[in-house]
Structures are given as structure tokens and as C-alpha cells.
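To start, the structure under review is shown below, and the notes come after it.
The values are calculated or read from the model by the stated rules, or taken from the named source; none is laboratory data. Just so it is clear, the model here is predicted, and its values are computed rather than measured. Virtual Cβ from ideal backbone geometry, glycine too; neighbours counted across all protein chains shown. In case anyone asks, the SASA skips ligands and DNA or RNA and just uses the protein heavy atoms, side chains included. Shrake-Rupley method; radii C 1.70, N 1.55, O 1.52, S 1.80 Å.
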Amino acid sequence: MSARLDREEVSAMDEARLSAHERRVLAEIEEQLNQQDVSLARSLRTMRRAPRLHVPSIARARRHLPSLGVAALGATTLALLVLAVATEAPVLIWTFAAVWVLTLVALLILVVRWARRRTARSRPGAGE
């Protein structure tokens, strides 16, 4: 709310133009302040708004967590496949099979959620 008010004040200030006399008086006042208080003049000269850093939100991270989990399962499945083929160890083959099934189930759940969300968005009267 305050950001909106600040923008409105700035736009109102942009619209108000000073006459030549008012600009000259303002320049004299600024010059006097600069001469009287050097530290104030320096701080006013260097005063700038700090750039806002992008901070990822928790909600956005939570929304992507299932897809990151499926990606991790996929990478694990691929690594287990390579190891199982290279070593021909029965334990690795069965571990690969179990992780592969888990990856497919998790991927299927993600696809079903995505499809439901997409159909809910396409129907404007759904839920009424």
C-alpha cells in the first residue's frame, strides 16, 4: 500500500513544475546547506535506494519439490541401470527395478496432477 502511495506522490511531483524563480531559490537553499553541513551534503549525494534482491518464496519451492524428487529418482534410476549392466550383480538389478517402478509411479502422479490442474483451469464454471 505504501509503495503505491509513494508512486502516486512521485507522479504528482513529476507533474508539478517549478517556475524559474522557485528553481533559483531552491538552488540557493541547496547551496547553503551544502556549505554549512558537508556530511549532510555527502549523505544526500550518495543516498540511493538499495536494489532488491530476489528471494525465492517457500511456496514456490514447495510447488517444485515433487518434480525435483522425480528428477532425483530418474537420475538414481539411470545410475543404478549403468551399475547393474556393468557389474551384472543381482542386488543392483533388483534395486534398479524397484527404483524404476517407484520413479514411474511418482511420474504418473505428477502427470495426473498436472492434467487435473489444466482441466480445472480450462473450465471457468468448474466448482460453482
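Under a plain spin-label model, where a point goes 7 Å from the Cα along Cα-to-Cβ, how far apart in nm are Leu68 and Gln36?
So the label points at Leu68 and Gln36 sit 5.6 nm apart.
Can you sort His64, His21 by solvent-accessible area, 1.4 Å probe, largest first?
On the way: His64 85, His21 110 Å².
Descending accessible area places them as His21, His64.
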